Amino acid sequence: MTDRRDEIVALLTLLHERKESWGRIASRVVFEGSAMALRARDDGALFELTAEDAGQERAASELASWEARGLTLVTVLDDQYPRRLLDIRETPPFLFYEGELRRDDPGMSVVGSRGASPDGLRLAAEVARYLVSQDLTVISGLAAGVDAAAHRAAMDAGGRTTAFIGTGITRSYPAANAALQREVAKQGLVLSQFFPDAPPTKQSFPMRNASMSGYGLATIVIEASEHSGTRIQARLAGEHGRPVILTDRVTTTTTWGADLRGQPGVYVVSSMDELATAVREIREQPKRADEALAALMGA
């Protein structure tokens, strides 16, 4: 029987060795139930931890250095891994985290422009406070603008907030939000799906958006531009089977927002009352599905 550390080393070795996407590797590891077993099967031989395996040696050295630095991670093989992230094709194989990790963390993403208008910032804060009042976690990135406003409002209201960052866990981007990142870690949770010292890249933020979509019950888009990265999360949410709530401003000022209007699972709201109705309907959907299934089974 292998221990958790051996499995982590095997997982990291797979990520270094294989040319498949990380999401594909994560899915295969979950299906197999063991990173060691998957590597053994792919290699056609029983996989054992030996000093002669250079890739494995590298992975073991990485893990040891992270442990020495006091960094904490969870993998897809751990019971504590966030449940909803296992539903998407972009499942991160591991997550570094600071704060209170929860396997089930019901919440909704609040996302939007870095250069949001004063009205957009006020709405982001109001939406965050409403989610807190409904015992929902506020999920967002840690960018300037809507992200920062949502996190701050949630914490000020005494609620839980979870931040997905587009860098390694040891970095803060933008640097101006370093203090906010520390606060979120103390009051909620900061998650990174990248190696600890990874810098921000053009690819890391879309990857982060995919994880935010998968983690939450829904995505709420406050305000965004035509070319905002927020549109990526709105699109991915649809692919993940997660509802999307758009403010009417998004649908009238962007072509991608207008294109989403009327699509299944997309709500367009023009007031907090309408947003509250959408949130309530989204939260009731699993219950309705269970009731329908029970009725069908009983028929």
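Residues with amide H under 5 Å of Ala218's amide H, sequence separation 5 or more or different chain, H placed in the peptide plane at 1.01 Å from N; which?
It is Ser109, by chain and number.
Answer rounded, prolate or oblate for segment 4-99, using the Cα gyration tensor with square roots of eigenvalues a ≥ b ≥ c: rounded when a/c is under 1.5, else prolate when a/b is larger than b/c, else oblate.
oblate
I want the local charge near Gln233. Using Cβ-Cβ distances under 11 Å, sum +1 for each Lys or Arg and -1 for each Asp or Glu among the other residues.
Overall, the nearby charge balance is +3.
Would you kindly derive the ³J(HN,Hα) couplings of segment 181-190 from the backbone phi angles with the Karplus curve 6.51 cos²θ - 1.76 cosθ + 1.60 (θ = phi - 60°), listing them in order in whole Hz, with x for Gly and Pro?
After applying 6.51 cos²θ - 1.76 cosθ + 1.60, I find 4, 5, 5, 4, 4, 6, 9, x, 7, 10 Hz.
Taking the Cβ of Ser192 as the center, what net charge do the other residues with Cβ under 10 Å away carry, scoring Lys and Arg +1 and Asp and Glu -1? Write down the numbers at each step before the final one.
Values: positive: Arg171, Arg208; negative: Glu98.
Once positives and negatives cancel, what remains is +1.
Just want the answer: with Cβ charges of +1 for Lys and Arg and -1 for Asp and Glu, which residue in Leu236, Phe194, Thr247 is farthest toward the dipole's positive end in the chain?
Thr247
Could you list His151, His240, His16, His227 in order of exposure, starting from the residue whose Cβ has the fewest other Cβ atoms within 10 Å?
His227, His16, His240, His151
Among 132-142, 181-191, how do they line up by average Cβ neighbours within 10 Å per residue, starting with the highest? Show your work: numbers first, answer last.
Numbers: 132-142: 22.3, 181-191: 19.7.
So the order, starting with the most tightly packed, is 132-142, 181-191.
Across segment 72-84, in residue order, what do the Karplus-derived ³J(HN,Hα) couplings come to in whole Hz, using 6.51 cos²θ - 1.76 cosθ + 1.60 with θ = phi - 60° and x for Gly and Pro?
10, 9, 10, 10, 5, 8, 8, 4, 7, 4, x, 4, 5
Taking the Cα centre of each part, how many Å lie between segment 62-115 and segment 249-269?
30 Å
Taking neighbour counts of Cβ atoms within 10 Å as a proxy for exposure, in what order, fewest first, do Arg231, Arg83, Arg4 appear?
Working: Arg231 21, Arg83 13, Arg4 10.
Lowest count first: Arg4, Arg83, Arg231.
Go ahead and estimate [θ] at 222 nm for the chain from helices alone: -39,500 (n - 2.57) per DSSP H run with n ≥ 4, summed, over the residue count, rounded to 500.
-15500 deg cm²/dmol
Could you check which residue among Ser192, Ser270, Ser34 shows the biggest mean-square fluctuation in a GNM of the chain with a 10 Å Cα cutoff?
Maximum among the listed residues: Ser270.
May I ask you to sort Tyr173, Tyr215 by Cβ crowding, counting other Cβ atoms within 10 Å and putting the fewest first?
Taking fewest neighbouring Cβ atoms as first place, the list is Tyr173, Tyr215.
With the crude spin-label approximation of a point 7 Å out along Cα→Cβ, what separation in nm comes out for Ala37 versus Glu67?
Here the modelled spin labels are 2.4 nm apart.
Values in this text are rule-based calculations from the coordinates and carry no lab data. This structure is a prediction, so every number in the text was calculated from the model and none was measured. Counting neighbours? That spans all protein chains shown, and the Cβs are built from the backbone with ideal geometry, glycine included.
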